[in-house]
Structures are given as C-alpha cells and as structure tokens.
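To start, the structure under review is shown below, and the notes come after it.
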Amino acid sequence: MTATKICGLTRPDDVAFAAMRGATYLGMVFWPGSKRAVDRARAKVLAGCARAARGDVKLVGVFVDAPVAEVAATAAAVGLDVVQLHGDEPVGDGAALAAAGLEVWKAIGVASAADLERLAAWPAAAHVLDAATAARGGSGQTIDWALAAQAVAAGHRIVLAGGLTPRNVATAIAAVKPFAVDVASGVERAPGDKDPQQVFEFLDAAQRQISYLRR
C-alpha cells in the first residue's frame, strides 16, 4: 500500500491537520538553505503537535550535507522516525546513521535513466526520487514517472516526489506504484504555508487511488 508524506511543514496547525487527515509521514526540513527550514526548537513544537493529533504518525527530518553527529542529535531531540538525506552525502553517512538505529532515506535527483544507477550504489531503507534542482526539493518540477516505475520494477523502495499535486497524485500512484508519494509545494499557498483544502484533496485523492488498487 502506498504511503503519503506531507513535507516542508512549518506551522503547528498544518502539522495537526495533515496528521488528522491521515498522512503517513510528516516532513520537516532542517536545511538552512530551504524556504521551509525549521530549527530544532521549532521542530520540537511541531513534533508535539503531530503526536498529539495522531500517535502513530511518523516524522521525517530532511537534511542536506549535515554532519552525521548533527543529524543524529536532531533526530534524538525531535523524535524523528526517519532521516532523509537530500544532499551529496557519502554512503558512509547513511551507514553510520543506520547503525545508530535510524531509518535512512536517500534522495536522488532524476533527470535521466543514468541517475537510476545511483540507487544500487547508495543503500537506504527507501530512495526519494525528486527533480534534479539546486533547490533540493520543493521545486514543483515533475520527474519522468516512467523512470520511477522502472526503479520500482527493479525492486527499489521508492518515494515519489517532484511536482505532485491533488490533481495528478492518483495518476502518479497508478503509473508508478511507489512505496510513498511526497508533496511540498503542490499543497501550499506559500513556502511552508500549507493550504488545508489542497492537503485534504491530495490525501483524499491518494487514499482513493490506493483503495482502488487494493481491490
């Protein structure tokens, strides 16, 4: 069954709403270069709101080229379930974090079929396929879903990101059948400011398609 992730959350109300509407994962960005960045103190507040809204929701922290010790310390302080490495981190960083008991996802920018070769070279619990941009996600650019489907067919656990919206997420799930779908800018009024109606429509469309495919 395909999971859902609302990423780039910065506001308590948005976190609570996404959790109550059934999002599997809630993502917070710890990269200072992002328009959606939060610091550790803010993230603790958001995590508390998430857990209060729904105890089984999972929290994902997005990092870009941060030292392993910093990632691990933030994960412990905030109570992250997953760390998503979205930079040019060496494979050893992922291994070190996994050895510390953390679930590690690795983001791969996809522009061509050649980029899929990086999946086997970078072991992770899941791979986030996103548009290859300097923004490191949240660009609103869609990747080639046929390439993502190839990765799924090859046995990789894929989180499909890049340009997903309430209007195309059902089609994306049907075409790729990923482990999860991931949205940030596609449900926003402004960076970090989620539109509740769009969040509702995204999750509703995804959940309807997931239920249909399970029949």
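Each reported figure results from applying straightforward, stated rules to the coordinates on display, with no laboratory input. The model shown is predicted, which means the values in this text are computed figures rather than measured ones. Cβ atoms come from the backbone with ideal geometry, glycine included; neighbour counts cover every protein chain shown.
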Original post:
For the chain, what does -39500 (n - 2.57) per DSSP helix run (n ≥ 4), summed and divided by total residues, give at 222 nm, in deg cm²/dmol to the nearest 500?
Top reply: -11500 deg cm²/dmol
Subject >> Net dipole in debye of segment 3-213 [+1 Lys, Arg Cβ; -1 Asp, Glu Cβ; about Cα centre; nearest 20] >> reply: 480 debye
Subject >> Estimated vicinal HN-Hα couplings, Hz - segment 62-71 in sequence order (Karplus 6.51, -1.76, 1.60; Gly, Pro = x) >> reply: 9, 10, 10, 6, 7, x, 4, 4, 5, 4
**OP:** Specify the inter-centroid distance of segment 1-55 and segment 64-143, based on alpha-carbon positions, in whole Å.
**Re:** 17 Å
